[in-house]
1. For segment 3-64, give the percent of accessible area contributed by carbon and sulfur heavy atoms, probe 1.4 Å, rounded to a whole number.
2. For segment 56-214, just say rounded, prolate or oblate: build the C-alpha gyration tensor, square-root its eigenvalues into a ≥ b ≥ c, call rounded for a/c under 1.5, and beyond that prolate if a/b exceeds b/c, oblate if not.
3. Tell me what the chain gives for mean residue ellipticity at 222 nm when only DSSP H runs of n ≥ 4 count, each as -39,500 (n - 2.57), the sum divided by the residue total, rounded to 500 deg cm²/dmol.
4. Write down the radius of gyration of segment 1-104 and its Dmax, each obtained from C-alpha positions, in Å.
5. Cα centroids of segment 134-162 and segment 227-248: how far apart, whole angstrom?
6. Would you mind getting me the FRET efficiency between Gln154 and Asp67? Use the beta-carbon distance for r and R0 = 22 Å, nearest 0.05.
7. Segment 206-300: percent of C-alpha pairs farther apart than 20 Å?
8. From the square roots a ≥ b ≥ c of the eigenvalues of the alpha-carbon gyration tensor of the chain, which class results: rounded (a/c under 1.5), prolate (a/b over b/c), or oblate?
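The values are calculated or read from the model by the stated rules, or taken from the named source; none is laboratory data. Keep in mind it's a predicted model, so treat the numbers as computed, not measured. As a convention, Cβ positions derive from the backbone with ideal geometry for all residues, glycine included, and neighbour counts pool all protein chains shown. Ligands, DNA and RNA are stripped out before the accessible areas are found, and what is left, the full protein with its side chains, is counted by its heavy atoms. Shrake-Rupley method; radii C 1.70, N 1.55, O 1.52, S 1.80 Å.
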Amino acid sequence: MAKGIASIGECMLELSGQSGSNWRMSFAGDTFNTLWALHALSPDRPATYVSAFGDDPFSRDQIAFFDQNGIGIGNSPVIAGARPGLYAITLTGAERAFTYWRSDAAARQLASDPAALTKSLENQALVYFSGITLAILDEAARKTLLTAIVAARQAGSLVAFDPNYRPRLWPSREMAQAAILEALAATDIALPTFPDEQMLFGDQTPQATAERLGKLTGEVVVKNGEQPALIALNGASQIVDAVHVATPVDTTGAGDSFNGGSLAARLAGHAPADAARRAHKVAAAVVQVRGALAPFETLSAAFDS
């Protein structure tokens, strides 16, 4: 029986501001942040981050960091001369803004070896990816990726997808719509964020998002920041209140960690609404630390509280 969890996408170097002009470097990225939480909350499941990596010192440090925390890279290609993308977080209070350097990142070649990609997704209980995963690939690579994901699903993997629309990564809104709709057709659990869906598809309410996506996939979890999440399963919906944090430190990675908490709970057999309640607690814990990755023990304590 497949036991592993695999997440596909781009993990970047993360620079977060500290005191004065000092910066702290870490590793993060939407699908990696989700896998980090998933791995913390499902420690008995082998965790694989599926991407492409460079051979420079930063890439080697990145892979070593994964390994130190029990996360493998499967059959992901290591590409001579390539390097990871980079982003910096600047904060106004707890709200974050991002500056990116990622146009030539190695992760853009994650589908360059279709056989290796397919191999990385074999025997996985869960395969997770996002709209950012799609956005960093060209059209041919997106097709290669979705072919591998469909094959994994047909072999028994549960497929989860967060549309995570970021306009600056797409040549056009129409291209993003088409790619995301194609991905949703291969998805078992969709984890959209309402403001993103409103921007991309013009949805007026979270319920409208749930109804639209519910025609494409059986389970939909609509996140909406500090507002309640809307859970829709086979046409029936339920509201799950968020956890209010009076003085958040850094909201980076909150939605990604919610996804990780929700999926970990679903894999453990919890009902969708209970999974969302646990996920809200995980997200609340994450916004109380700097950077996208909270310590495993922090995530676990929140999940079980």
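1. Values: 1120 of 2110 Å².
Heavy-atom surface of segment 3-64 belonging to carbon and sulfur, 1.4 Å probe: 53 percent.
2. Since a/c reaches 1.5 but b/c is at least a/b, the shape of segment 56-214 is classed as oblate.
3. -12000 deg cm²/dmol
4. In order Rg, Dmax, the Cα atoms of segment 1-104 give 14.6, 51 Å.
5. 27
6. Details: r = 30 Å, r/R0 = 1.38.
The value I calculate is 0.10.
7. 35
8. Note, shape of the chain comes out rounded.
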